[in-house]
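Peer 1: Okay, handing you the structure first.
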Amino acid sequence: MKKIPLSILILIIAFSFHSCKNTIVNKMEKKEEVKYLKHFVPDSSQVLEKIAFGSCSNQALDQSYWDVIASKNPDLWIWMGDIIYSDTEDMQEHKKQYDKFKHNRYYQKFIGRVPVIGVWDDHDYGVNDGGAGYPKKEESKEELMDFLDIPANASVRKHEGAYNSYEFGQGHRKVKIYLLDNRYFKDKLEPDTVTVNRYIKNLTGSILGEQQWNWLENEIKNSDASINLFVSGIQIIPDDQPFEKWGDFPNERTRFLKLLERYKPKNPVILSGDRHLAEISEYTYLDFSAQVTEVTSSGLTHSYEGADEKNAYRLGELYDGKNFGMLKITWGGSKVLMTIFIYDIGGKQIIEHGIIGDY
């Protein structure tokens, strides 16, 4: 048997180790090169026929329901807040939780297929029932913008708050969506220790702040859309429930409804989340000749089972299971039919409500 010189043997071992090390490094580099999908928005000229929406998704819980929502073939998904649960002032942790959710395989598949827009509520803002006093609100806004893949030059990145608007469609088949920020400017509420309500009504404070109010009035005044969707993390119309709501700021709620009365945007519908239940409410105005319907859909991963609350404006029954919503639009020649659906998380229809409107 021929012996191999020790010096050559050492070279062979060193070369083998180097090759093995390079292989491991290359595999690690390839792992780091994983490309995750980003959110996208429809072309502004696209006519929308199916708009899905929802809120309250805990990133630590099962996310397989995204396959169910995708099977309904929506043209757009709207987040109504609580995209994640991350009550913290640590923005590295906040980003980590956004990334954890965004990189979930079910959500990745969903955003590769369905366009997404949205706004925050309190738990993705960073603090339960939070408002203007949250010290990391600007940094948190940037994390939200980055999560949604909002372009760096977008106007929403240039002003305070996360409010924004979108228009889709053309001619009389146009939808305008107003994303209201009910966190960044919201004044403080004091705990109610006497009644069942969580907070004492604030008769002088603001939810939207004057800057956002001026923007909203201008947007409504100049809208030529046939359908106007107002997205709010917390409920606007329901006023009986004891938890956080626009009714905690009565003047703000009245101010919003008066804007609808004054400018008469066509076919207004409110989409709200937060409550971990689903219901439809309706408010009439202009001597009962006009109405605005509010659809509350919450939550996607957990719900308020056993909920039994009064709501003087409710149409039909309250649903206390996990759910998501869908607005189906049938564009007719002289009328538009808007059908609101609430589905359970398995895709079964729970609630249906139709609205016929003029162009």
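Bear in mind these aren't lab numbers, they're just calculated from the coordinates by the rules spelled out. This one's a predicted model, so the numbers in the text were calculated from it and none came from an experiment. With ideal geometry, Cβ positions are generated from the backbone for all residues, glycine too; neighbour counts draw on all protein chains shown.
Peer 1: Expressed in nm to one decimal, what extension gain is obtained for the pair TYR285 and GLU305 from 0.36 nm per residue of sequence separation less their Cα-Cα distance?
Peer 2: Working: separation 20, 0.36 × 20 = 7.20 nm, distance 3.27 nm.
Residue separation times 0.36 nm, minus the Cα-Cα distance, leaves 3.9 nm.
Peer 1: Further, regarding this structure: Exposure proxy check: LYS72, LYS158 ranked by fewest other beta carbons within 10 Å?
Peer 2: Sorted ascending by nearby Cβ count, the order is LYS158, LYS72.
Peer 1: Can you compute the helix-only [θ] at 222 nm over the chain? Use -39500 (n - 2.57) per DSSP H run of at least 4 residues, normalise by all residues, nearest 500 deg cm²/dmol. Don't jump to the answer; show the numbers that get you there.
Peer 2: Details: 8 runs with 95 residues, N = 359.
Counting only the DSSP helices, I get -8000 deg cm²/dmol.
Peer 1: In degrees from 0 to 90, rounded to the nearest 10, what is the angle of the helix 209-221 Cα long axis to the longest principal axis of the chain?
Peer 2: Between the helix axis and the principal axis of the chain, the angle is about 70 degrees.
Peer 1: Here is a further query. Among TRP331, TRP79, TRP66, TRP120, rank each residue by its count of other Cβ atoms within 10 Å, from fewest to most, as a rough exposure measure.
Peer 2: Exposure proxy ranking, most exposed first: TRP331, TRP66, TRP79, TRP120.
Peer 1: A further question follows. Sort LYS201, LYS174 by Cβ crowding within 10 Å, fewest neighbours at the top.
Peer 2: LYS201, LYS174
Peer 1: Give me the distance between the Cα centres of segment 259-326 and segment 327-354, rounded to whole Å.
Peer 2: 14 Å
Peer 1: Can you give the relative contact order of segment 259-299 as a percent, counting alpha carbon pairs under 8 Å and 6+ residues apart?
Peer 2: Result for segment 259-299 is 47 percent.
Peer 1: For all pairs of alpha-carbon atoms in the chain, what percent lies in each bin of width 10 Å, listed from the first bin to the last filled one?
Peer 2: Spelled out per bin, shortest first, that is 5, 23, 32, 22, 6, 4, 3, 3, 2, 1, 0.
Peer 1: Let me ask something else. Pull up the DSSP beta bridges for segment 40-358 and report the antiparallel fraction as a percent, rounded to 5. Mind showing how you got there, number by number?
Peer 2: Numbers: 41 of 62 bridges.
Just about 65 percent of them are antiparallel.
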